[in-house]
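Derivation of every value follows stated rules applied to the coordinates shown; laboratory data play no part. Keep in mind it's a predicted model, so treat the numbers as computed, not measured. Cβ sites come from the backbone with ideal geometry, for glycine too, and all protein chains shown count toward neighbours.
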Amino acid sequence: MMFWHIRGLAKATSDDGFADSKALIVVAGAQGCLIVAVLSLISVVLQQRILPAPGLATILFSFGVAFALIAVNHRMLLFQNRWRRFETEFKRYPRGVRIVQAWFVWIAVILIIALMLVATSAASRIPR
């Protein structure tokens, strides 16, 4: 559902043929932020750094996670247009329900980013 709503917005704002890719990047980005937030929260609870300190290790870790998320999401959503199986189901929902779902999707993305910022801020205060 998240992919479908984000794809719809990307297609409505600029129908340049890249709506699927734009939605894939937003979904993978939100998932990456959620992973970092969860790892940071675990670090805070355990009072032990799980994520590497800023530097080359952090950059490599981030690129590895991003690549893995994009690869998995591409396979699950875009390969052979698998997401289209659900498109007819989503279009059957009443207009009001679709609007509420779209609001929840964007609120969830914003809350995930906010959670990541708060959690990483708290985890950065843990002594090395």
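Rounded to the nearest 0.05, what FRET efficiency do residue 104 and residue 46 give with R0 = 25 Å and r taken as the Cβ-Cβ distance? Could you check? Result of the calculation: an efficiency of 0.20.
Paramagnetic label reach from residue 93 (point 7 Å along Cα→Cβ; backbone nitrogen cut-off under 18 Å): within the stretch 5-46, residues 5-12, 23-24, 27. Ranked by how many other Cβ atoms sit within 10 Å of their own Cβ, fewest first, the residues 25, 110, 6, 50 fall in the order 110, 50, 25, 6.
With helices defined as uninterrupted DSSP H runs, which ones in the chain have an alpha carbon span along their own long axis of at least 18 Å and mean Kyte-Doolittle hydropathy of at least 1.0? Those that clear 18 Å and a mean of 1.0 are 19-46, 56-73, 95-124.
Ranked by how many other Cβ atoms sit within 10 Å of their own Cβ, fewest first, the residues 43, 21 fall in the order 21, 43. Here the spin labels are modelled as points 7 Å beyond Cα on the Cα-Cβ line, and at residue 38 and residue 15 they lie 3.8 nm apart.
For the stretch 15-112, the list of chymotrypsin sites (Phe, Trp or Tyr not before Pro) that fall in a loop by DSSP and count at most 14 other C-beta atoms within 10 angstrom reads 18.
Stokes-Einstein diffusion for the chain, with the hydrodynamic radius set to the Kirkwood value over Cα pairs and evaluated at 4 °C in a medium of 1.567 mPa s, equals 80 µm²/s. Between residue 53 and residue 79, the simple label model (points 7 Å from Cα in the Cβ direction) yields a spacing of 4.0 nm.
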